[in-house]
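The values are calculated or read from the model by the stated rules, or taken from the named source; none is laboratory data. What you see is a predicted model; the values in this text were computed from it and never measured. All Cβ positions, glycine included, derive from the backbone under ideal geometry; neighbour counts span all protein chains shown. Heads up: the accessible areas ignore ligands, DNA and RNA and are worked out on the full protein's heavy atoms, side chains in. Shrake-Rupley method; radii C 1.70, N 1.55, O 1.52, S 1.80 Å.
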Amino acid sequence: VQEIIRLPAIRGAVRFWWRALYGHDCGSSVALYQREKGVWGGAGADPSGGRSQVDLRLRVTQVPQAEGGVVQASESSALWPAQVSRGPSGAVWLARHPPGVRFTLELVCPVAQEAVVRNTVRAWILFGGYGGRTRRGVGSLTVVDHPDEWLPMAASRAALCHLFGADLWPAVAGRAADDLPLLRGAHLRVGKPVATGREAWHRALAWLQTFRQGTPVARHPAPKGKSRPSISNWPEADKLRRLEALPPGKQWAHCPRYDGEMAWPRAGFGLPLAGQFQRYRRDGGPALEPQDFELHWQREGRFFERLASPLIVKALPLATGEAVPIALWLNRAYPEGGEVVLQGGDPRSGRSAAPFDRLKSPSDPAYFPPLEAATLREAFFSWLSGQTEQVAP
């Protein structure tokens, strides 16, 4: 059987979810490291070492044949890193494994750690996944044998509390959010159960896709008789038009509606964020628009490319065999002193900095009404409220 599931990757994933479950009890990064090392072992470079109390054993039992070809439109935003190229006939995708990979994972630990280890694995199964793009639902997991021991009967707060033996969600009094993603203080909204995990995944992805690019609210609908949607109601495109100097006597294809104070609200969904403009009008003529862009972040003059999204959209498996689309916003602050900025080397970068979670400037109108919210999380979850039920907080 081809080795596509590996123990080092699983160990890294469960350690992440251990921190999300239990990191709120640690008063400092040093205390967190020491406690984590006591359960899962120390890094190889750590002179104090420390063997893990948890032994993991893996057996891959089924690997469906890898497939390429067509990707459903609802999946393309989650799978875009696997896109090799795009041509007149559509996108070309890397080969990938369809649903159905099966493996047996055995964990051996001291009795004193059993409850912690079980809950950590449960959190990984329910909220995480295996491989890349797990925060967009790729690599989601379920349990085939004895699912009632690992999965909730319903996507409700009561069912999750019963499964974990505790309430996962109350924020810790007196603890401000920092750069450690936590379940305590997180926000969770869920949709209705559906028959398959893939259907639940598509619904969760659709929430985010519609919020970011859907018509008629996030973007103007296509003109009559045309298929391509019109201008975005988010401010990023106009901010780029304000940054870049127009050639003399020329006009942008779309006159900016937002002002010149920088705001990059969709950076809150994770970085890097790349984008490009249409180069041709609907009549086939050239369209004058700014250059392509990529957003990173900086702190004290140092550029950073990546920042993981605090939002997870995926299928949560149920013990009934059904699945539920979920949107989970982990309790995590943006980097202290950090700013969203165009990537280093971009000549526009020096004037592009904006704070995280600035959705628009104070004088900007909200062409997209959710941008009146104070934070991107509030904007997204308020918009989602009519389609979902609140589980946490």
Among the candidates 132, 139, which residue alone is closer than 27 Å to residue 58 by Cα, among the small types (Gly, Ala, Ser) and either surrounded by 15 or more Cβ atoms within 10 Å (Cβ to Cβ) or in contact with a Cys (Cβ under 8 Å, 6 or more places away or on another chain) (or both)? 139
Among the listed residues 291, 276, 298, which satisfies the condition of being farther than 24 Å from residue 363 by Cβ and surrounded by 19 or more Cβ atoms within 10 Å (Cβ to Cβ)? 298
Of these, 179, 167, which one is touching an Asp or Glu at 6+ places or on another chain (Cβ under 8 Å) and open to solvent by 50 Å² or more (accessible area, probe 1.4 Å)? 179
Number of the condition not met by residue 56 [criteria: (1) open to solvent by 30 Å² or more (accessible area, probe 1.4 Å); (2) of a type outside the set (Asp, Glu); (3) modelled with pLDDT of 95 or more; (4) not in a helix (DSSP H, G or I)]: (1)
Conditions first: (1) open to solvent by less than 40 Å² (accessible area, probe 1.4 Å); (2) at pLDDT below 75. Residue 73 passes all but one, so which condition is the exception? (1)
How do the pairs read when you match residues in the range 254-271 that are at negative phi with residues anywhere that are open to solvent by 40 Å² or more (accessible area, probe 1.4 Å) and polar (S, T, N, Q), using Cβ under 7 Å and keeping only pairs 6 or more apart or on different chains? 259/363
Take the residues of the range 364-393 that are part of a strand (DSSP E or B) and not acidic (Asp, Glu): which is most open to solvent (accessible area, probe 1.4 Å)? 390
Residues of the range 83-125 being among the β-branched types (Val, Ile, Thr) and either in contact with a Gly (Cβ under 8 Å, 6 or more places away or on another chain) or more than 22 Å from residue 9 (Cα to Cα) (or both), which ones? 84, 92, 111
Residue count, the range 326-374 (criterion: of a type outside the set (D, E, K, R) and closer than 20 Å to residue 20 by Cβ): 9
